[in-house]
Amino acid sequence: MSPEEFRASGHQVVDWIADYLRDVREYPVLAQTTPGALIASLPPSGPDRGEPMEAILEDFRKLILPGITHWNHPRFFAYFSISGSGPGILGEMLAAALNVNHMLWKTSPAATELEQVTLGWLRQWLGLPGEFFGIIHDTASTSTMHAILAAREAAAPQARLTGEFPALVLYTSEHANSSVDKAALAVGVGLSHIRHIACDDQFRMRPEALESQIEADLAAGLTPFCVVPTVGTTSTSSIDPVARVGEVARGFGLWMHVDAAYAGPAAVLEEFRHILDGAAQADSLVVNPHKWLFTPVDLSVLYLKRPEVMRRAVSLAEVPPYLASNDQAVNLTEYSVQLGRRFRSLKLWFVLRYYGREGIAAVLREQMRVAAELTGTIPRDERFEIAAPTLFSLVCFRYRGSDEENRELLDRINATGRAFLSGTQLHGRFVLRLAIGNLAASREDVMETWELVRSLAPVPTDHGSVPPGSASPA
Ligand SMILES: *Cc1c(COP(=O)(O)O)cnc(C)c1O
């Protein structure tokens, strides 16, 4: 592709992106398509002869877009909503253009050092101690896998050489993200040795239950090695008592890894600093700027108190000759399983600079204010109840009816294409989740979505409930 052709197509693409970000509300949030539709619309084999960009971009618009669920849509309230912010997108474009791989310092000194600088800024904003060393991974799943690998190294250093280790047991809560279990699995912890500690009525890990489970496992000859509390669980955004859990972990000499993937950024706000109380005592902590910090997917940050343990965990008996380096600098590949690395810190640097600490705090504060307002509004419709405390920007609620009615309500909401919510299971009952997190989501977006939910909810009568649209019994 000649520079001139690149320039012409590039301008078209940037114009399209600007229009898309302006008009994203006009698309259905959830892709209104059926399984296999895109596959059926594309040729079964790739083209023998190259095609013009025009044709490729045309098919992007015509064929790909209808199959996109718009995570950028301000009424995307499912899972945890995210934002591909303008500065983040621009940083991503430049990183793609540079296409560097900073596996070693010398393979891109600025990419190596900018990663340390941006993660240092973020660490300060979160109020974490200066000794925490940050490294970027693609997702929290990968960050947590590395943390648990370091925990294994600390508990069973011989495993690196022999592949043999005692029956390691990992502790997390019944509300932990599934990525914790997968990470443990990848590191060699058997599924039957992952303990999901019971929670209290507000979905927080019970430290006494943790303590007695560890004692029982020790008595059974097993080897407890790692505890993973969560700050902002996925179902309800509950906060495990990290300080207490940390005391228990230290008492038994276990590694503590804090999963703050979603809620961590809230600690940028002075009045939310306390959510990371006890995290200074952690051995590691994960936070995802691609979740609630306006950074395009993917970018997860792993902080390590003792990076030398991580380094030992992935070090080989001998450095391969093609990677030998005697720079007096950090070579990031020495701290992770992956060799190659994308220049992800560039987009984070753009985001942190463009919004600034106060700008970020203002957006998060407003999103939490609106979540609190919605939490106060929901019970005014007697058909609904709040299902969990609203601690951040996630509201859990349910229709006071059967699980079946709640599931049907969720399907009706999502089928409109006007908003996208998700569900979860709490105390054995199905509940709806509305997570505010997109930069463009306004109070009106939230309140109008609530009105949409109300309009689609069954109306109870003396003879049972009547779904909207069905004829009322005579
Ligand atoms: C989303 C989430 C994860 C998983 O994040 P990925 O980056 O998708 O791997 C882990 N833990 C918590 C608490 C989460 O909310």
Grab the Cα-Cα distance for ALA329 and GLU448, subtract it from 0.36 nm times how many residues apart they are, and report the gain in nm with one decimal. 37.5 nm
Sort PHE60, PHE132 by accessible area with a 1.4 Å probe, largest first. PHE60, PHE132
Keeping the other protein chains in place, figure out the carbon and sulfur percent of the accessible area of segment 101-342, with a 1.4 Å probe. 52
Theoretical ellipticity at 222 nm over the chain - DSSP helices of four or more residues, -39500 (n - 2.57) apiece, nearest 500: -12500 deg cm²/dmol
Can you bin the chain into rounded, prolate or oblate? Criterion: square roots of the alpha carbon gyration tensor eigenvalues sorted a ≥ b ≥ c, rounded for a/c under 1.5, prolate for a/b above b/c, oblate for the rest. oblate
Area of LYS106 that stays accessible when all protein chains are in place (1.4 Å probe, Å², to 10): 110
Please work out the Cα center distance from segment 1-15 to segment 103-137, rounded to the nearest Å. 33
Out of the total accessible area of segment 423-464 (probe 1.4 Å, heavy atoms of protein only), what percent is carbon and sulfur? 51
Might you work out the accessible area of GLU215 for me, using a 1.4 Å probe with all protein chains in place, and round it to the nearest 10 Å²? 90
Measure of compaction for segment 371-474 (Cα Rg per 2.2 N^0.38 Å): 1.06
Run the numbers for ARG49 and GLN116: contour at 0.36 nm per residue of separation, minus the present Cα-Cα distance, in nm. 19.7 nm
Which value in nm describes the separation of the simple spin-label points at LEU98 and LEU57, placed 7 Å from the Cα toward the beta carbon? 2.6
Applying 1/(1 + (r/R0)^6) with R0 = 25 Å to the Cβ-Cβ distance of GLU247 and HIS274, what FRET efficiency is obtained, to the nearest 0.05? 0.90
Solvent-accessible area of VAL297 with every protein chain in place, 1.4 Å probe, in Å² to the nearest 10: 90
Computed about the Cα centre, the charge dipole of the chain from +1 Lys/Arg and -1 Asp/Glu charges at the Cβ has a magnitude in debye, to the nearest 20, of 400
Can you give me the distance in nm between label points at SER192 and ARG380, each placed 7 Å from the Cα along the Cα-to-Cβ direction? 5.5
Residue-by-residue Karplus 3J(HN,Hα) for segment 188-204, coefficients 6.51, -1.76, 1.60, Hz, glycine and proline x: x, 8, x, 4, 6, 10, 9, 9, 9, 5, 5, 10, 7, 6, 10, 6, 10
Taking R0 as 35 Å, what FRET efficiency do you get between HIS427 and LEU21 from their Cβ-Cβ distance, rounded to the nearest 0.05? 0.30
Normalised contact order of segment 286-342, rounded percent, pairs of Cα under 8 Å and 6 or more residues apart: 25
Candidate lysines for bridging to LYS347, where Cα separation is under 22 Å - those fewer than 8 sequence places away on the same chain excluded: LYS106, LYS291
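The values are calculated or read from the model by the stated rules, or taken from the named source; none is laboratory data. Bear in mind the structure is a predicted one, so any value in this text is a computation, not a measurement. Quick reminder, even Gly has a Cβ in these numbers, built from the backbone with ideal geometry, and neighbours come from all protein chains shown. For accessibility, only protein heavy atoms count, side chains too; no ligands or nucleic acids. Shrake-Rupley method; radii C 1.70, N 1.55, O 1.52, S 1.80 Å.
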